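Since the structure comes first, as structure tokens, the remarks are kept for the end.
Coordinate-derived values only; no laboratory data. Not measured: the values here are computed from a predicted model. Virtual Cβ from ideal backbone geometry, glycine too; neighbours counted across all protein chains shown.
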Amino acid sequence: MAGAALSNLLWGWLGDRYDNQPVVVGTALAGGLASLLALPSLPQLYTLVFALLGAAMSGLKLGHPNLLLEMAPAHIRPTCVALQNSAALRTLSDAASGRRLSMWAMTRPRIALFGKQRLDLFE
């Protein structure tokens, strides 16, 4: 949380001063650096890893929607804002995906192999 809160100062300044593209690039760099620092699995680095991940997540939430709005033509920007803020659309798509997944899992044949059940995913 501290990484997200403190990095918002940086992301806001970058977005106001230069544009939203450096914000998106900075979040990608912060996320990539966090991934690289997590590879050695040293407990001393995890505070920095989580701070960088928080910074990347907050920057992505700040820069990505604004960059998409800048790229959209002026006559469809209100529609883009409405679709970004529509919780009903996200809820319905998640529910439909869950229903499809459950139907797929119920219709696939289960094959017994040496007393263990496995789901044949490659048919």
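Order the peptides 39-48, 57-66 from the highest to the lowest mean number of other Cβ atoms within 10 Å of their residues. Walk me through the numbers on the way to the answer.
On the way: 39-48: 9.9, 57-66: 18.9.
Final packing ranking: 57-66, 39-48.
Using 7 Å Cα-to-Cβ label points, what is the Met1/Glu70 separation (nm, one decimal)?
According to this spin-label approximation, the distance is 3.1 nm.
Which FRET efficiency value, to the nearest 0.05, do you get for Ala38 and Asp16 by plugging their Cβ-Cβ distance into 1/(1 + (r/R0)^6) with R0 = 35 Å? Display every interim value, and only then the final one.
Values: r = 31 Å, r/R0 = 0.89.
Efficiency at R0 = 35 Å is approximately 0.65.
Could you give me the ³J(HN,Hα) list for the range 45-62, computed from phi with Karplus coefficients 6.51, -1.76, 1.60 and θ = phi - 60°, whole Hz, x at Gly and Pro?
Along the range 45-62, the couplings run 8, 5, 5, 5, 4, 5, 5, 5, 5, x, 5, 5, 5, 5, x, 5, 5, 8 Hz.
Under a plain spin-label model, where a point goes 7 Å from the Cα along Cα-to-Cβ, how far apart in nm are Cys80 and Tyr46?
4.0
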